[in-house]
Every structure is written in C-alpha cells, then in structure tokens.
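Report on the structure given below.
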Amino acid sequence: MVTVALIGVLMAIAIPSYQQWRNKVRSRQAAQEIAAMATAIKQYYLDARAYPADLSAVGLSGRLDPWGHAYVYYNVAGGTVGGARKDHALNPINSDFDLYSKGADNDTQTQVTNSRSLDDVIRARDGGFIGLASEFN
C-alpha cells in the first residue's frame, strides 16, 4: 500500500510538470510556424504590393497550430483597425497584419492582455515580437 501511495504522489507531481513542458514546446513550435508564415506573407506583399486577403492566397489555408486549431490572420493594412489585435492601451499591435494562434484553450479576445488571450502565440510590432501574449508588454 505504501508503494502504491508513493507512486500516486509521484504521478501527481510529474503529470502537471510534463503538461507544462509540452505547452512550452508547442508555444515555441507555434512561434516558429508564425515566423515562417509571416515570411511567406511578406514575400506576397513584395510581389503584389498588397497583403493577402486571407491565408489561402499564400497557400497557407488550413494550417493548424500545434494544438490542432487554425491560425488566425487579419489584414490590418487592408482592413479596418477595429478587427486588429490591441495592446493594453487599445492600440493595434501591428500596422501590417495580425497572425496568431489562439493557444491551448482556443479562446481569445481582441486585447492581448485579456486573461483569455494570455496563452495566445502572437506576432506583434510588425514582426519584432513573436511569442506568448503573456510575455508581450
């Protein structure tokens, strides 16, 4: 019985640590994919002198993030600022396009500092920042 109890305690400690580690790995993978996708979008801009209306124009439609959810793209330069992701002061975080993953919970808000958006993997400052929304300031 003592052995079974000891194994139970070890599992209670190990499983949450493993899940945290997996989410960190998935966040890094999503950031790398967002950087690669952003490069394709910028190349499209150089050729067409406009950002694509959606990801299908650059052959990236249907791309899924590491959690199995679709990446979100919004053309800030060709649309209205109202749909753009915003910082804590409600200023758009990009002037060209938004590209992000909704993270593990697949839940988000426009403002990246909202508690529902903190696990999102975002592209901000026109590509100067790619990472977790919780690390963006």
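The values are calculated or read from the model by the stated rules, or taken from the named source; none is laboratory data. Because the structure is a prediction, the values reported are computed rather than measured. As a convention, Cβ positions derive from the backbone with ideal geometry for all residues, glycine included, and neighbour counts pool all protein chains shown.
Residues that are surrounded by 15 or more Cβ atoms within 10 Å (Cβ to Cβ), out of contact with any Leu (no Cβ under 9 Å at 6 or more places or on another chain) and outside any loop (DSSP other than H, G, I, E, B) within the stretch 74-100 comprise 86, 92, 98, 100, listed in sequence order. For the stretch 49-70, the set of residues classified as under 15 Å from residue 121 (Cα atoms) and either in contact with a Leu (Cβ under 6 Å, 6 or more places away or on another chain) or without any contact (Cβ under 8 Å) to a residue 40 or more places away in the chain (or both) consists of 63, 64, 68, 69, 70, listed by residue number. Working only within the stretch 67-84, note down all residues that are closer than 28 Å to residue 19 by Cα and either modelled with pLDDT under 90 or not small (Gly, Ala, Ser) (or both). Result: 67, 69, 71, 72, 73.
Of the listed requirements (1) surrounded by 11 or more Cβ atoms within 10 Å (Cβ to Cβ); (2) touching a Ser or Thr at 6+ places or on another chain (Cβ under 9 Å); (3) small (Gly, Ala, Ser), residue 62 misses just one: (1). In this structure, is residue 107 free of Cβ contacts under 8 Å to residues at least 12 places away in the same chain and either within 21 Å of residue 20 (Cα to Cα) or of a type in the set (D, E, K, R) (or both)? It is true that residue 107 is free of Cβ contacts under 8 Å to residues at least 12 places away in the same chain and either within 21 Å of residue 20 (Cα to Cα) or of a type in the set (D, E, K, R) (or both).
Just one residue in the set 61, 27 is outside any helix (DSSP H, G or I), closer than 29 Å to residue 134 by Cα and not charged (D, E, K, R); that residue is 61.
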